[in-house]
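Contents: one structure, followed by commentary.
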Amino acid sequence: MGEVLSQSEIDNLLAALTTGEIDASELEESSQKQVTDYDFKRPAKFSKEHLRTLEIIYENYGRLISTNLPLYLRKSVQTTVASSETVTFSEFSNALSNPVILGIIDFKPLSGNIIIELSPNLGFAMIDRMLGGPGLPLEKNRDFSEIEMTIIEKLMILCMQLMKDPWKNVVDIDPIMERIETNAQFAQIIPPSDMIAIVTMNIRIGETEGFMNICLPFFTLEDVMDKLNTKYWFASMQEEDSTDYEEYLEAMIKRVDVPVRAVLGTSAISVNEFLGLVPGDVIRLNTTVESEMNVYVGNIRKFTAMPGSSKDKYAVRVTSVIREEE
């Protein structure tokens, strides 16, 4: 709906037309709708709203990669969404280098497959890091060996499994890695003229930087296109979770082991005396047998206690609890 003018704005517009400050023909031309050519060879199946929602999904996905990959690579990983766009599949496949790392994923329960493309320099950097190296790429790319492909496959499966959580507000997916290709000619999963959405992610592993492209065909996402909008996505996020985690968290905390130590007393001796200690030597402490001793939980003084024994073992009997304000 167009903007509604106030009465004062209408009066000013009429006055400007009367005095000739504004030409009526110019207003008529500006009010005409701008017509753009429609290319039937490249139908606009993904709107800007769809692409924005995909960016939000893969921003969450990038955070999961930055958290989980360092556990395997033992190196910092930074991931950001660089861009999103729609192209034909032929444009995507023609732009691929050789060799390339392409993970063909069955995007169950949705029909069809998606592709994860990982740049070769990131692949070699991951392999180098997994085999104990500093995580540097090769100066000149080459084909991957069978051992290297086994390592890459495990890392790609990890990246695939991390997609489940970001997509759960749209659809519960159960992706399966069908195969990994290093030649783009063997990854023709859809007709060349079909439209796809590509989300490009910039990944930095230490000092090595490269791209990961997520190829999402329209045919695969067609059944959930109505859910690929920010309004639906945020509404799904804000649904109240009625699960009560209090008892569960309390039970988990009760099973956590904490170090507890009882300090009989302290003493100061020289380094020479310390080096000369042998079994049977006596060290004089700054406390007596009747004195209460301090009990520490971690590094915090929490209790006072009296020394004793229980079933032929040394023990202490708690006499008081030390509060935080004390």
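Read-outs throughout are calculated quantities, based only on the coordinates presented, and are distinct from any laboratory measurement. A quick note: this is a predicted structure, and the numbers were derived from the prediction, not measured. Positions of Cβ are backbone-derived with ideal geometry, glycine not excepted, and every protein chain shown enters the neighbour counts.
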* In segment 88-110, which residues have a backbone nitrogen under 20 Å from the label point lying 7 Å from LYS154's Cα in the Cα-to-Cβ direction? -> 101-104
* Structure fact -> XL table LYS45/LYS227; LYS254/LYS302; LYS75/LYS168; LYS75/LYS254; LYS154/LYS254; LYS108/LYS227; Cα-Cα > 24 Å flagged, in table order, is LYS75/LYS168; LYS75/LYS254; LYS154/LYS254
* Structure fact -> Between SER145 and LEU14, Cβ-based FRET efficiency (R0 56 Å, step 0.05) works out to 0.10
* Percentage relative contact order, segment 259-321, counting C-alpha pairs under 8 Å, at least six apart -> 30
* Taking neighbour counts of Cβ atoms within 10 Å as a proxy for exposure, in what order, fewest first, do TYR72, TYR314 appear? -> TYR314, TYR72
* Arranged by the count of other C-beta atoms within 10 angstrom, fewest first, what order do ILE180, ILE214, ILE196 take? -> ILE180, ILE214, ILE196
